[in-house]
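**Student:** Just passing along the structure, written as structure tokens.
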Amino acid sequence: MNGSRAAWWGLAVIGVAVLLSPLVFPNPYQIRLGSLLLAYALLAVALDLVVGRTGQISLGHAAFFAIGAYGEGMLQAEYHVAPWAALALAVVMSAVCGVVVAGLAQRVRGPYLAMLTIGVGIAVQNAIYVAQPFTQGAMGLAGIGGLPLPFAAPGPVTTYYVGAVALLLALAGGIALSSTRIGTAMAVLRQRETLARAAGIDVRRVKIAAFTASAALAAAAGAFYGTTLGFISPESFSMKLSIFALVSCVLGGLGTPFGPLLGTALLYGFQQIAARTAQGDVLMFGVLLIVVPLLLSRGLAGVFVSLSARIVAALGLQAPRAQATLAAAARPGDKATAVLWLPRRDGERFHLREISHAFGALRALSGVSLEVAPGEVVGIVGPNGAGKTTLLNIASGYYRPSSGMVLLGVTDLTRVPMHERARMGVVPTFQHPQLMDASTVLANVEAGLLADPRAASAKVGRLRLDDVAADLGLTPLLGMLAGDLPYGPRKIVEVARALVSEPAVLLLDEPTSGIAPADVEMVANAIRIARERGVAVVLADHRVEFVTQVCDRVVVLVGGAQLAAGRPAEVTANPAVVEAYLGRPSQGNYA
Amino acid sequence: MGTLGDLIVQVVVIGCVYAMIAVAFDLVFASSRVVNFAQGDFVAGAGLIAAILAVTHGVPFGIAALAAGVLIALVGMVTVSALILPVLPGITQRSVSDLNEMRWVLTTIGVSVTLEAIGGMLTPQGAIGVKPLINGGVNVAGIHVPLYDIAIVVVAVAMIAGLHMLLRHTIVGQMLRAVAADRYGSAAVGIPVRRVIVATFVGAAALSALAGVLIVPFTQGSASGGFALGLAGFAAATVGGLGDMRGALAGGMVVAAAELMGARFVNSQMESVFPLLVMMLILVFRPQGIFQSGAVERV
Amino acid sequence: MPDALEVRGLDVHYGKATALQSVALRVEEGTLVAVVGNNGAGKTSLLHAVMGLVHPSAGTVRLFDRDVTGLPTDRLVSLGAALVPEGRHVFADQTVLENLRLGWARRPNGAAFEERLATVFDLFPALREHAARAAGMLSGGQQQMLAIGRALAAAPRLLLLDEPSLGLAPLVAESVFSALRSLVERGITVVVAEASPRRALAFCDRAYVFGLGVVRAEGSPKDLEAGGALHSAYLGT
């Protein structure tokens, strides 16, 4: 991947700069400043894991930094634990705290999460003052020794290199993370949580894991900070530090490989050089926090990326922009290589049995049953409020039904959450396509692979992806950003994303809503492709003529109950169905 | 230390102060579903401006207070118009996207930080001492109650009662209640939703200014306590139900009690943490507040 | 006499989704026009575009021969249009009287307003009976009447209703439509969007059949029923 290679080259450049700077700035004071910068950068990288990569606002990361600093410091200075062991223990302590906070954080959203983390940060800082017998309180903890290396004497330079290696490892980890399954899962869930669930990602677990790792890394940074200074006091671990880290990430670019480092370097540098008053840098933080999210949505890294894109385009190095039209669908005999399609749950029928559902006092569904066989397309129609979307949401696991069962073969899925269901082969699409607008069509379709545990190999995944893309006519669009696509193709991309995991069941909620009549054929074709591959398709739509065109069987819901079911032609001729849609024939009193 | 009686008086007074700030959070949240992280700094900022004008420049306190109110209301106006309205969802949209939500959280924190920095710059010599306008006290059942404290309670209760009247009996109040209850319905009948949001924001800023001016003898015209005040006010608002003014007084008392009793009976160094603990417990385990059964917000 | 409402070349998009394409429509003053079609056909989008709740991507809206394209909703109300939104959206915690006042927020206590209140109560006596009750306590039918009354409080010349019979028992729905007819007799122009077309057709003077964001057919109720346009738009046959 091109982006990844650029990132590794960038890391190499940064690595050289970081490792060589003690030679350029040999003054011990400067080296110490450098070490502090490394500590803050590491904290920012840790914070970015939570805020940038998994979208959880944290304003209390100074707490984990403090646990690391005080943990390592106390163990070393007061209990005479070996420095590296002390570091390890402090990191573990912080990770445990991280798990607890992360678990609580899952119950709380957005601004409330910000408040919660603010509370955690202030509480930890206070705890340091209060636990004076252990932490020396306001007087500060002194006598923190350096981290020894076997071949070098402890001192400012050794310390610096320990930090440098730590930071470079962390940055490398971040770049490598992007190519792993969990890294991709994070990228997906940051942009569209619903898509993440549909792609089989356990959002809760990923967020908690990220938070815990972040707490551990922040603690390492804090421990390193303590060993650099040899002395720590509680005032350094205030909310101001948490805000500093946050501003660094926002300024540099949330979720980017080098954004946090860039932002930290700029802010720290500016602080050292320009801000003469204590208030001056606080003012700068405030203004940056106001201005940057408004003007630079991707931070400076985003500016850099779009600038370089523009330079590339200006130099004519980029291929001309592809037209956003789908290629003609490939004919069965055209494929160069036959890709083996292994249906997930062979022969198993998908059942919705006696589904009833109520929202409080509102009865949405009453005893609706549905059965779909592999390779069959069943359509659900009905006037507004009939319960079509509710039924599909129950089928996908978005809701748990008040009563009734959802079965795949003999497996009871009723209590299985959406992401697990997706992994078992029941994959939903949504009325408003849940795409990552800032990513390419390729990345969006690829996300679907996360739902199939069998697609662990990148090669297999790519073959499947190319195959599905070719069938649906998406091949010329793979390099385009999803956000640039017109509405019809967006729907097709969602279907591709679902198909690429070789699902047993495909659920389509209003696949033709919002698309121009001319594009309806695209959607019909996609459904045919799914059917050919032996997928059981369940769709709900308002366009009755579309449903009669593509479905083998139709179920009519009125007021949450089944009115009629059968072949499309029969159902649309059924007088009860006609009356349900058109109303009772009038007694002839037209105006 | 003082007796239990003194403690109760303090809880009531401080509870009223927190209630006033809670009401400001409630107003803003009810109309726009936004939590203004800078609300506490509006409070402290108003106190600071009044202190500077009155003490340093000899302006009569009444006029200084008024000027402070106007200035803070102006800051509120700029904040909501330029920074918040643009990232709020349109009428026909269901809810705000995650990205936009993070935007206003960051920008209101930015406003808070900026105000605090400006406040610090305006007071290079440190906090400005302001004496209470009313001195002396009365003896109630053996407890000495400063008259100024009584004045604070009176103003707080009057303010909340006044707001209640406003919401029930004026057309503006009705419009706010409508917007808080049903945004789409409000827009459909021609209620100017965006204007209502701006009005509540500015109104909340003015109320915060009133609270700030009132408590300046205690905050001593310092800008740095603003955020902590905001946190306590937010804690009070969440206890009483965010967006529901009816729980504000009770919420304020609960938070003040936690703070003062915690300091007295548990550990005085951790005074500022107790309100936070209350807030965190409520946020995680009962986000709709201790009074409400569902998640419905009413004003 | 100018048309009460004239729409030309209207395109409406929500983000990238197309809701309406090149819609043209005319409503003569003093008539009741029905806009029918399946869900997703664009009825609500049309009403939103007319009332300024959504900005059209293209096209014009003229209200009593005045270009109102893109004006905000409160301007539309002061120019004589009012909307009864789908799902009623009455303010549940506020009383019937308070709801009605909010329909015309400009001067809810003057003599003119008292007149309008009287009109609304004449039309819907149940509302007078429950004037001090919280709107959330009313039945579905009563809430629908309240929603209509609220719109009428603005003394509109053009009244738009989005699926007023949704969730109502047939008899109640019929009474709503009778009330609409009597409004027309008083000179108010009424446009009703309905998913289930036959009842609307029974009461209207003219109808537009929408499908897939475009106008599929228009004409008198008799012509539409006879020509099979309804069947075709709804059931595709």
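**Student:** I'd like to verify something in chain C: which complete DSSP H helices, judged by Cα projection on the helix axis, reach 27 Å or more and average at least -0.5 on the Kyte-Doolittle scale?
**Tutor:** Passing helices, by number: none.
**Student:** Here's something else I'd like to know. Would you work out the relative contact order for chain B, in percent, from Cα pairs under 8 angstrom that are 6 or more residues apart?
**Tutor:** Reported as a whole number, the value is 36 percent.
**Student:** Just the ratio, please: alpha-carbon radius of gyration of chain A over 2.2 N^0.38 Å, N its number of residues.
**Tutor:** Taking the Cα Rg and dividing by 2.2 N^0.38 Å, one obtains 1.15.
**Student:** Right, here's the next one. Using only helices, what value at 222 nm comes out for chain B when you add -39,500 (n - 2.57) per DSSP H run of length 4 or more and divide by the total residues, to the nearest 500 deg cm²/dmol?
**Tutor:** The helix-only estimate for chain B comes to -21500 deg cm²/dmol at 222 nm.
**Student:** Could you tell me how many degrees, from 0 to 90 and to the nearest 10, lie between the Cα long axis of helix A:62-77 and the main elongation axis, the longest principal axis, of the Cα atoms of chain A?
**Tutor:** In chain A, helix A:62-77 runs at an angle near 40 degrees to the longest axis.
**Student:** How many lysine pairs does chain A hold where the Cα atoms are under 27 Å apart and the two sit 8 or more places apart or on different chains?
**Tutor:** Lysine pairs meeting the criterion: 5.
**Student:** Under a no-solvent Debye model with one identical scatterer per Cα of the protein assembly as shown, what's log10 I(q)/I(0) at q = 0.04, 0.06, 0.09 Å⁻¹?
**Tutor:** Listed by q, the Debye log ratios stand at -0.25, -0.56, -1.20.
**Student:** For the range A:522-591, what does the convex hull of the Cα positions come to per residue, in cubic angstrom?
**Tutor:** Per-residue hull volume (Cα only) is 110 Å³.
**Student:** Return B:Y148, A:Y160 ranked ascending by Cβ neighbour count within 10 Å, so the fewest neighbours appear first.
**Tutor:** By the 10 Å Cβ count, ascending: B:Y148, A:Y160.
**Student:** Could you work out [θ]222 nm for chain A from helices alone, using -39500 (n - 2.57) per DSSP H run of at least four and dividing by all its residues? Round to the nearest 500 deg cm²/dmol.
**Tutor:** -18000 deg cm²/dmol
**Student:** Let me ask something else about it. With both bridge residues required to lie in the protein assembly as shown, what share of the DSSP beta bridges run antiparallel, to the nearest 5%?
**Tutor:** Once the DSSP bridges in the protein assembly as shown are tallied, antiparallel ones form about 55 percent.
**Student:** Give me the Kirkwood hydrodynamic radius of the range B:2-285, using the inverse of the mean 1/r over all pairs of distinct Cα atoms, in Å to one decimal.
**Tutor:** Evaluated on the range B:2-285, it is 19.3 Å.
**Student:** Roughly what angle does helix B:248-261 make with the longest principal axis of chain B, taking Cα atoms, 0 to 90 degrees, to the nearest 10?
**Tutor:** 40
**Student:** Calculate, in whole percent, how much of the Cα-Cα pair population of the range A:454-507 lies beyond 15 Å.
**Tutor:** Considering the range A:454-507, 49 percent of its Cα-Cα pairs are separated by more than 15 Å.
**Student:** What is the distance, in nm, between label points placed 7 Å from the Cα along the Cα-to-Cβ direction at A:L362 and at B:L147?
**Tutor:** With each label placed 7 Å out from Cα toward Cβ, I get 5.8 nm.
**Student:** May I ask you to sort B:K131, A:K240, A:K388 by Cβ crowding, counting other Cβ atoms within 10 Å and putting the fewest first?
**Tutor:** B:K131, A:K240, A:K388
**Student:** Now, a different point. Would you mind ranking A:M284, B:M77, C:M51, A:M139 by Cβ crowding within 10 Å, fewest neighbours first?
**Tutor:** Ranking A:M284, B:M77, C:M51, A:M139 by Cβ neighbours within 10 Å, fewest first, gives A:M139, B:M77, A:M284, C:M51.
**Student:** In degrees between 0 and 90, to the nearest 10, how far off the longest principal axis of chain B does helix B:4-32 point, with axes built from Cα atoms?
**Tutor:** Compared with the principal axis, the helix lies near 20 degrees.
**Student:** If you average the C-alpha positions of the range C:221-237 and of the range C:18-32 separately, how far apart do those two centres end up, in angstrom?
**Tutor:** With the range C:221-237 and the range C:18-32 each reduced to a Cα centre, they are spaced 18 Å.
**Student:** What is the ratio of the Cα radius of gyration of the range A:155-228 to 2.2 N^0.38 Å, where N is its residue count, to two decimals?
**Tutor:** That works out to 1.40 for the range A:155-228.
**Student:** Spin-label point model (7 Å from Cα, Cβ direction): what's the B:H169 to B:F218 distance in nm?
**Tutor:** 3.0
**Student:** Expressed as a whole percent, how much of the Cα-Cα distance distribution for the range B:165-241 exceeds 20 Å?
**Tutor:** 48
**Student:** Rounded, prolate or oblate for the range A:2-62? Axes are the square roots of the Cα gyration tensor eigenvalues, ordered a ≥ b ≥ c, and the cut-off for rounded is a/c under 1.5.
**Tutor:** oblate
**Student:** Please enumerate, by chain and number, the lysines with C-alpha under 17 Å from the C-alpha of C:K43, excluding those fewer than 8 residues away in the same chain.
**Tutor:** Of all the lysines, none pass the test against C:K43 - Cα under 17 Å, at least 8 places apart if same chain.
**Student:** Hey, got the average number of other protein chain Cβ atoms within 10 angstrom for residues in A:279-288?
**Tutor:** Mean inter-chain Cβ contacts per residue within 10 Å come to 6.
**Student:** For A:A17, project a label point 7 Å along Cα to C-beta. Then give me every residue of the range A:255-270 with its amide nitrogen under 13 Å of that point.
**Tutor:** Those under the cut-off are A:258-267, A:269.
**Student:** Aspartates and glutamates near C:K222 by alpha-carbon distance under 15 Å, same-chain residues fewer than 8 away left out - which ones?
**Tutor:** Filter leaves C:D205.
Read-outs throughout are calculated quantities, based only on the coordinates presented, and are distinct from any laboratory measurement. None of these values were measured; they are calculated from a predicted model. Methodologically, a virtual Cβ is constructed for each residue, glycine included, from the backbone with ideal geometry; neighbour enumeration extends over all protein chains shown.
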